[in-house]
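Down below is the structure, laid out as structure tokens.
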Amino acid sequence: METVSSSEISMFYGWWQLSVCLFAFLSLMAIWYHIGKRQKDYGPVWLALSVLCWAFSGLVEILYLNDDGSHLHFKDGLRSIFSLTNSLFILLALSWFKYLPKPFAPLIKSKFWPYIIGIPFAFALFPTLFKMFLAREASVINELDVVYAFLTLIFLGFVLWESFTKRRLPLLGWLALITIMITLLAQIYKLMDDTVNLLLFSAIFKTSLIMLFFALALSWVKELTETVIPEPQQLQILFAKTDKRQNSSSTTNVTLIGFPGNKDRTVPLTPALYKLFRTFAERKRNSTNGWLEIKPKNFETSKNYDINDHNELKRLMTALLDGLFGKQNWTKDKHYDPLKNSLFEMSENRERKIRLLVPKENIRIENE
């Protein structure tokens with residue numbers, strides 16, 4: 001039975017890393033070109049570049065495959081540089097993530113983030129360059145490379161968990177944590193100089209991380225499609241049957257139909273907000289114009305108004321958005337304003353009048 005030599009293992013690993021990571025880089029860039037470019041989101045670009053660093057590392061493995069050891073310092077130095085750059089690009093990508101864990105969000109979103117991650121990168125890079133060109137007889141494994149990778153993995157683990165769970169994909173969140181643990185184990189093997197096990201764990205964690213990056217990209221695309229706000233003619237509203245004996249602390253449900261994904265979205269509302277939303281629907285169905293009037297600041301005491309102030313409308317919109325997309329998972333420009341424009345219209349003469357824009361045939365009230 002023939003045994004496989006370490007050089008053959010290294011050759012296989014080098015070609016695998018070069019081909020797979022290069023293909024993954026091109027695929028991630030293609031996803032960004034077709035989707036992310038329009039959104040002006042450069043997070044996928046940094047992730048793609050981080051994968052490209054692995055491809056270059058595989059190329060180094062191939063080029064120095066038959067080296068007699070005289071250039072070992074240069075080979076390991078280049079691999080360390082590409083590993084450091086890979087970590088840097090991952091950290092640069094984090095600032096583009098929509099969902100960040102609360103303890104790290106202010107730090108990652110701050111204008112000092114490039115300096116926070118760039119200065120340690122420089123401190124880890126310079127010793128590697130020194131060993132490559134000036135201290136060839138010294139050990140070439142740069143422990144700072146592993147330390148920098150550890151910090152990167154801690155940030156990446158928290159951010160991936162937050163991204164997947166906020167998008168209601170908890171299983172992917174757990175897989176991300178498992179992958180981070182395997183990657184940390186690979187970094188430990190890097191310090192132990194265990195070549196075979198290092199190559200094995202490197203192949204496992206790089207494959208897993210690449211698949212997670214694609215899963216992240218697909219979850220991002222999924223969220224983009226699910227957060228598309230339908231036009232008024234595409235929306236249907238179903239008011240659930242209510243119990244007349246229910247107390248004031250209970251909630252009532254409204255179902256919005258027409259969002260992408262072929263899934264009706266049920267939103268719980270407080271009785272006060274449910275009553276307001278239902279008033280919009282009843283007025284739309286039972287009157288000619290369907291307008292509701294908002295009480296002005298200097299209101300007439302003898303007149304009853306449908307809406308006390310604009311804050312009632314804001315509370316209704318906030319409750320609808322929280323139910324549709326989850327709390328803190330929506331923004332004003334991409335969710336609040338488009339949904340408000342699909343649901344309501346203001347009078348052109350600025351008469352403090354507002355009405356439901358959804359066609360009356362698309363409104364159904366179960367307990368009429």
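Table for the structure above
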read-out: Residue 40 vs. criteria closer than 30 Å to residue 329 by Cβ, open to solvent by 20 Å² or more (accessible area, probe 1.4 Å) and at pLDDT below 90; value: yes
read-out: Count - residues of segment 212-241 that are open to solvent by 50 Å² or more (accessible area, probe 1.4 Å), in contact with a Lys or Arg (Cβ under 9 Å, 6 or more places away or on another chain) and without any contact (Cβ under 8 Å) to a residue 60 or more places away in the chain; value: 1
read-out: Residues of segment 37-48 satisfying the condition of being in a helix (DSSP H, G or I) and either in contact (Cβ under 8 Å) with a residue 12 or more places away in the chain or under 14 Å from residue 87 (Cα atoms) (or both); value: 39, 43, 44, 45, 46, 47, 48
read-out: Selected residue (criterion: most open to solvent (accessible area, probe 1.4 Å)) from residues of segment 90-127 that are over 22 Å from residue 209 (Cβ atoms) and among the β-branched types (Val, Ile, Thr); value: 119
read-out: Output for segment 42-62, where each listed residue is among the polar types (S, T, N, Q) and within 21 Å of residue 11 (Cβ to Cβ); value: 57
read-out: Scan of segment 313-368 for residues that are among the hydrophobic types (A, V, I, L, M, F, W, C), open to solvent by 40 Å² or more (accessible area, probe 1.4 Å) and without any contact (Cβ under 8 Å) to a residue 24 or more places away in the chain, ordered by number; value: 346
read-out: Pick from segment 57-72, criterion surrounded by fewer than 20 Cβ atoms within 10 Å (Cβ to Cβ) and part of a helix (DSSP H, G or I), ranking: modelled with the highest pLDDT; value: 59
read-out: Complete set of residues in segment 175-196 that are more than 20 Å from residue 47 (Cα to Cα) and surrounded by fewer than 17 Cβ atoms within 10 Å (Cβ to Cβ); value: 185, 188, 191, 192, 193, 194, 195, 196
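The values are calculated or read from the model by the stated rules, or taken from the named source; none is laboratory data. On a predicted model such as this, the values are computed, not experimentally measured, just so you know. Note that each Cβ is placed from the backbone with ideal geometry, even for glycine, and that neighbours are counted across all protein chains shown. Ligands, DNA and RNA are stripped out before the accessible areas are found, and what is left, the full protein with its side chains, is counted by its heavy atoms. Shrake-Rupley method; radii C 1.70, N 1.55, O 1.52, S 1.80 Å.
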